[in-house]
Amino acid sequence: MPLFPNPLESVAFRLSVVPPMLADYFGVLGFHSLVAGARLGVFDALPASADDLAAKLQLDPRGTHALLRSLTGLGYLRVRRGRYHPTRPARLWLRTDSPSCLVEGFDFWERSATALWANLDKTIRTGQPATSFYALTENDPELSRSFQAWTAALARRQGPAIARAIRVHRDARDVLDVGGSHTIHSTELLRLHPSLHATIIDLPEALNSAVIEEPFRSRITLWPASFLEADLGEGYDVALLFNIVHGLSDAEAADLLARVAKALNPGGTIVVGDQFRGATAGRASRTLLDLLDLNYLLAIGGRIRTYPEVAAMLADAGFAGVRHRRPLRSPATELVVARR
């Protein structure tokens, strides 16, 4: 997911002599420039001149000048009186002192862009991923850690608004968080509702990255298991399924939603957080969802569904009062809320 629009795209389309696909090629080069800058510690070390930065980080001066110019052109830096400064989005997403820093997730991004996406033609031929991403992460702790760090960074940014959008009955006590290994959505809900306890079920390697804040250690239980196979039990008042449905086949999703319905008390609430096709305005947002749809097919054999499709699946599983919520006004995470 690019943090900034590619400035080369408009140039390529304006100049008919320049093939527009060069914008995509140079976008890949820009991504690798970003990763290099983050790994070298550039964003944490600014503001500084290029020469001072090279000396401080023990970098080659010529390469440092070229990298900083490129990152400036891509919108990650700005230069003033010979000194480079991170732009506001770079301070938010790329400095390690920011709660929403994405840098730890770059190993996942890089592996996905250079390894998984190299098999896209094979996946389009067969309709199946060459290798399941979840199988890769469960057998590769470093890849799993990087993936969890990236999803956690987004959840920290989105979590408070999402928690405020979820209505919880005053008598509610127990939350089932399906696949919520980073714990953030449960934590934000517990922060607002002191009577709640959360049980988070996810694969063992995913839960190795779980971070539980001290005040919530007695109120969060980690359950290492596959939510596609485990008996989910019963007695829950709220169920959270964030970024789960897009990774499941229709049969898997129907089975999981039916089992979640059985696990909820009468009147209990289910919250599905995901991306939905169809209602997004603007070419950039639609293209982002289309690329994510390809990514889900390539990585896990999944797909982005429309809101009516998800609403119908919830109704088939026995849920009622289905509502669509957009607390973030963004295609990144929309909510479908229903009751048992």
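The loop-placed GluC sites (Glu not before Pro) in the stretch 180-267, going by DSSP, that have at most 13 neighbouring Cβ atoms within 10 Å of their Cβ come out as GLU213, GLU229, GLU234. In terms of its alpha-carbon gyration tensor, the stretch 227-277 comes out oblate; a/c meets the 1.5 threshold, while b/c is at least as large as a/b.
222 nm [θ] for the chain, helices only, -39500 (n - 2.57) per DSSP H run of 4+, per residue, to 500? Calculated mean residue ellipticity at 222 nm is -14000 deg cm²/dmol. Projected onto planes of every orientation and averaged, the convex hull of the alpha-carbon atoms in the stretch 151-196 covers 3.0 nm².
Scanning the chain for long hydrophobic helices, with DSSP H runs required to stretch 24 angstrom or more by C-alpha along their axis and to average at least 0.0 on the Kyte-Doolittle scale, returns 21-40, 283-300.
How many nm is it between the label spots at ARG323 and ASP44, if each spot is 7 Å from the Cα in line with the beta carbon? Each label point lies 7 Å from its Cα, and together they span 4.3 nm.
Within the shell of other residues whose beta carbon sits under 13 angstrom from the beta carbon of ARG219, the net charge comes to -2, with Lys and Arg scored +1 and Asp and Glu -1. The smallest convex shape that holds all Cα atoms of the chain, its convex hull, gives 154 Å³ per residue.
Among the protein heavy atoms, those of ARG340 account for about 100 Å² of accessible surface (1.4 Å probe, every chain in place). The residue among THR126, VAL103, LEU116 whose Cα reaches farthest toward the positive pole of the charge dipole of the stretch 98-148, with charges on the beta-carbon of Lys, Arg, Asp and Glu, is THR126. One quarter of the convex hull surface built on the alpha carbon atoms of the stretch 245-310 amounts to 5.0 nm², the projected area averaged over directions.
Each Lys and Arg Cβ is given +1 and each Asp and Glu Cβ -1; about its Cα centre, the stretch 140-282 then shows a dipole of about 680 debye. For the chain, a simple Cβ point-charge model (Lys and Arg +1, Asp and Glu -1, everything else neutral) yields a dipole of about 1580 debye relative to the Cα centre. Full extension of the chain segment joining ALA36 with ALA284 gains 86.7 nm, where the gain is 0.36 nm per residue of separation less the Cα-Cα distance.
The values are calculated or read from the model by the stated rules, or taken from the named source; none is laboratory data. Keep in mind that this is a model prediction, so the values were computed, not measured. Here the Cβ is made from the backbone with ideal geometry for all residues, glycine too, and neighbour counts use every protein chain on show. Please note that ligands, DNA and RNA were not included when accessible areas were found on the heavy atoms of the full protein model with its side chains. Shrake-Rupley method; radii C 1.70, N 1.55, O 1.52, S 1.80 Å.
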